[in-house]
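This report concerns only the one structure given below.
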Amino acid sequence: MNILGVSAFYHDSAAALVRDGLIVAAAQEERFTRRRHDAGFPAHAIRYCLAAGSLQPAQVDRVVFYEKPFPKFERLLETYLAFAPRGFTSFRSALPVWISGKLFQKRLLRRALAQLDAGFASLPVWFAEHHVSHAASAFFASPFAKAAILTLDGVGEWTTTSTGVGEGNRISLDREIHFPHSLGLLYSAFTYYTGFRVNSGEYKVMGLAPYGEPCYAQAILDHLIDLKPDGSFRLNLEYFDYCTGLRMTNSRFDELLGGPARRPSEPLTKRHMDLAASVQEVINEAILRLTRSLAASTGMKQLCMAGGVALNCVANGKVLRDGRFDNLWIQPAAGDAGGALGAALAAWHIQEARARATPDGCDLMQGAYLGPSFTQDEIERQLTAVGAGFAVLDEAALLARTVGAIESGKAVGWFQGRMEFGPRALGARSILGDARSPSMQSLLNRKVKFRESFRPFAPSVLREHAAEWFALDADSPYMLLVADVLPCHRLAPTPGEEALSGIDRLRARRSAIPAVTHVDHSARVQTVHRETNPLFYALLERFYERTRVPILVNTSFNVRGEPIVCTPTDAYRCFRRTGIDVLAIGRCFLGKTGDEAPAEFTAEFPPD
C-alpha cells in the first residue's frame, strides 16, 4: 500500500511517501520553491515523492493530512470568545480565510491534488490528529519495539504537549496539556521579545543562551509559568497576547523583565543574552520534569520525541545525561514538516492496523537522506548549463582534493547523494570546514552564511571517536544532542580572555577544535556512520588520517534567509554568491579565485 502524507497551510509544508510501512521519500516544499518555511500546498514535494516511488497518482492508495481542521477552528472560536472583545481585529481577518478554505480542508486538498494531476481526483483523504502525527513520526520511525513518547510544540488542534507509550503498531497518548498553555509558545514569546522571528528564530535564542546568565529564570517561574513537579504547567496569560493574535507579549511582560521587546535592528546586549539563558534554563527544567515523570509512570527505558520543541538539542542532551532513559531517539524532522511522515505512518499502523516490523536496532529514517538525488550526468548537465567550469574526479581524488582544501582553511560546499529531510544538514547538503581553525567560525558566519556572529557551528565526528572528544557515548546521527567538549581538549583561558564578556567571548580560543566549541564548551554533535553515509564517513576518515582529528565543521548549505540547496544549480548559485571557496558536487570539483568570492553580506539576500 502506498500512502502519501501531507503537511501544509501553516509553515514548513512537506510530503512523504510510505510504502507498506517503509519510508520511500520525504521532502519540504521550501527546498523546491526556494521560499523559506513555505506554507503552500506541497505540489513540488508530492511530485518528487511520486517520482522517487516510481508511482503514478492513481497508484497512491490514500492521502493523509497531518492535522484535523475542525478542532483547530473550534480552538480559534473558543479562544476568541474567551478573550472577546480583545483580538476582534485579528479574528475578523482570520475568519474569512478559514471559511473560504481552511475549514473545509478536504475539499481544498482534493482540489489542489486534482489540479496537480487528475489521477488524484478519486483518492480517499484521511486526517490524523496533529500530535498523533508527531508521535507516529517519532515512534514508528524509531529503532525501538516499545518506548515512552513525548511530543511538545506550539500547538496542534488543541494539544501542546502529550505523553504516552508506543508498542508494536499501537500508540497510546494518555496525558495532554492544551492551548493556551505551551512550552513552545513560551519559548516563542522570548524569541519575539529578544528581537527574532517567531517560528524561525527559536534556534537563535538557544545559540545566544550560553553568552548569558539565567538571572531571570526565577522571575519566569514565579510569574510566567506554574511548573509542577511532574512537569505539567500553566502559563499566566496576563503577561501574553498571543491568544488575541496581536503580539506574543504585552506591557506587563515588559515591566516584569525590565523593558520593551528588542527591535530586530537593535544591538544585542547582556540583558538579551541573560533573557535567552533564562528561558532556556526554564525549558530545560520543564522537559526534565516531564521526562522524569514519564519514566516513572511507564517504566520504559527508551524515549521517543517529536514536535518543534524536540529540536531544542540543549534540553535533549540534558534528558539523555539525566539517565532516566537508557536511549533517546528524536525524529530529525521533529517540526510540522515531519507531521507529513507521521500522518502516513499513522495511517499504515493505526488506521490499517498493519504490523510493524520488529526493529533491528536501526531506525527507518535512512540517516534522514530521503530527498532528491542527482546522477553524475544530471550534475554535469546542470553545471554546464550555468556556465560552470569543473573537473571530474574519481572518488579517491575527490576525497583527497576536498581534504586538502579543508586543511588549507577553505570553506567547502559538499553536495552528495540524497538531500536531508528536516532542518539539519547531515553531510549531503553541507558546508564543511576545519574544526581546528580559530578563524573558521567567524569566517563562515561573516563571509559564507551572512548571519549573526554569535551563532555556533556543529561538529560532525566519526561515531567510534565521539567519546574521545565529547561527553557523549551514544548515537547522535541527526545533530539533536548537545554535549560538552571533554576537558582534555579544552584550553585554559588567558587573563585577557577571562575578562571578556558577552559576544566578545568569541575571541577566546576555547579548545583544540575552537570552530565547533561554543562559549560554554558545548557542541551540537552529529555522529557519522559508515552505514548511512559512506562517502561522508570516508571524507572524515581521510581527514582523520592526515590530522588525527576525526571532526569537521558541518553547517547547512545555504545562506541567511534561504532554504538549504536542493539541486546542483542551487548549489552552484550559492557557491558563486558567497565566500565558499570550493564546491564538491557529485564527482565534480570546482574552485574559484579569491577575487571572485564576495567579502561581505549584500542586500540581495533576504533577511532571516
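Details
- Residue check for ARG381: more than 30 Å from GLU67 (Cβ to Cβ), touching a strand residue (DSSP E or B) at 6+ places or on another chain (Cβ under 6 Å), of a type in the set (D, E, K, R) and in the same structural domain as PRO568 (by TED's automatic domain parsing): no
- In summary, ALA355 fulfils each of the numbered conditions (1) in a helix (DSSP H, G or I); (2) over 25 Å from the mean Cα position of the chain (by Cα); (3) of a type in the set (Gly, Ala, Ser) with the single exception of condition (1).
- Conditions (1) at pLDDT below 95; (2) surrounded by fewer than 18 Cβ atoms within 10 Å (Cβ to Cβ): number failed by ARG356: (2)
- Of the set (1) under 27 Å from GLY367 (Cα atoms); (2) touching a His at 6+ places or on another chain (Cβ under 8 Å), all apply to ALA135 but (2).
- Residue match in segment 329-343 (condition: over 20 Å from GLU420 (Cα atoms), of a type outside the set (Val, Ile, Thr) and either under 18 Å from the mean Cα position of the chain (by Cα) or not in a strand (DSSP E or B) (or both)): no
- Of all residue pairs spaced 6 or more apart or on separate chains, those with beta-carbon atoms under 7 Å, a first member in segment 206-227 that is surrounded by 17 or more Cβ atoms within 10 Å (Cβ to Cβ) and a second member that is of a type in the set (Ser, Thr, Tyr) and in a helix (DSSP H, G or I) are PRO214/SER278; TYR216/SER278; ALA217/SER278; ILE220/SER278; LEU224/TYR239.
- Put simply, of ALA343, ALA357, ALA353 the only residue that is assigned by TED's automatic domain parsing to the domain that holds ALA51 and touching a Gly at 6+ places or on another chain (Cβ under 6 Å) is ALA343.
- Residue in segment 131-143 that is surrounded by fewer than 19 Cβ atoms within 10 Å (Cβ to Cβ), among the aliphatic types (A, V, I, L, M) and not assigned by TED's automatic domain parsing to the domain that holds THR244 present: no
- Cβ pairs under 6 Å, 6+ apart, first in segment 175-195 and farther than 13 Å from VAL205 by Cβ, second among the small types (Gly, Ala, Ser) and assigned to a loop (DSSP other than H, G, I, E, B): SER182/GLY154; LEU185/GLY154
- Inside segment 533-554, residues that are surrounded by 24 or more Cβ atoms within 10 Å (Cβ to Cβ) and not aromatic (Phe, Trp, Tyr) make up a count of 7.
- Residue, surrounded by the fewest Cβ atoms within 10 Å (Cβ to Cβ), within segment 262-305, restricted to residues that are of a type in the set (Gly, Ala, Ser) and more than 20 Å from VAL198 (Cβ to Cβ): GLY299
- Restricting attention to segment 525-584, the residues that are under 16 Å from LEU443 (Cα atoms) and of a type in the set (Val, Ile, Thr) add up to 6.
- Selection of segment 1-18 for residues being surrounded by 24 or more Cβ atoms within 10 Å (Cβ to Cβ) and out of contact with any strand residue (DSSP E or B) (no Cβ under 7 Å at 6 or more places or on another chain) yields only ALA8.
- Here HIS349 fulfils each of the conditions (1) surrounded by 11 or more Cβ atoms within 10 Å (Cβ to Cβ); (2) not in a helix (DSSP H, G or I) apart from (2).
- Of the residues making up segment 46-65, just one is among the aromatic types (Phe, Trp, Tyr) and either in contact with a Leu (Cβ under 7 Å, 6 or more places away or on another chain) or modelled with pLDDT under 95 (or both), namely PHE65.
- Where strands (runs of 3 or more DSSP E) sit wholly within segment 135-240, those with at least 3 residues that are closer than 21 Å to VAL314 by Cα and under 19 Å from the mean Cα position of the chain (by Cα) occupy 146-152.
- ARG560 surrounded by 19 or more Cβ atoms within 10 Å (Cβ to Cβ) and either outside any helix (DSSP H, G or I) or of a type in the set (Val, Ile, Thr) (or both): no
- Only one entry in ASP117, ASP153 is surrounded by fewer than 23 Cβ atoms within 10 Å (Cβ to Cβ), modelled with pLDDT of 90 or more and of a type in the set (D, E, K, R), namely ASP117.
- Residue check for ALA584: within 18 Å of ALA396 (Cβ to Cβ) and surrounded by 22 or more Cβ atoms within 10 Å (Cβ to Cβ): yes
- For VAL97, the conditions (1) touching a Gly at 6+ places or on another chain (Cβ under 6 Å); (2) at pLDDT below 95; (3) not polar (S, T, N, Q) are fulfilled apart from (1).
- From ARG175, ARG197, residue being under 22 Å from LEU345 (Cβ atoms) and surrounded by fewer than 20 Cβ atoms within 10 Å (Cβ to Cβ): ARG175
The values are calculated or read from the model by the stated rules, or taken from the named source; none is laboratory data. On a predicted model such as this, the values are computed, not experimentally measured, just so you know. Counting neighbours? That spans all protein chains shown, and the Cβs are built from the backbone with ideal geometry, glycine included.
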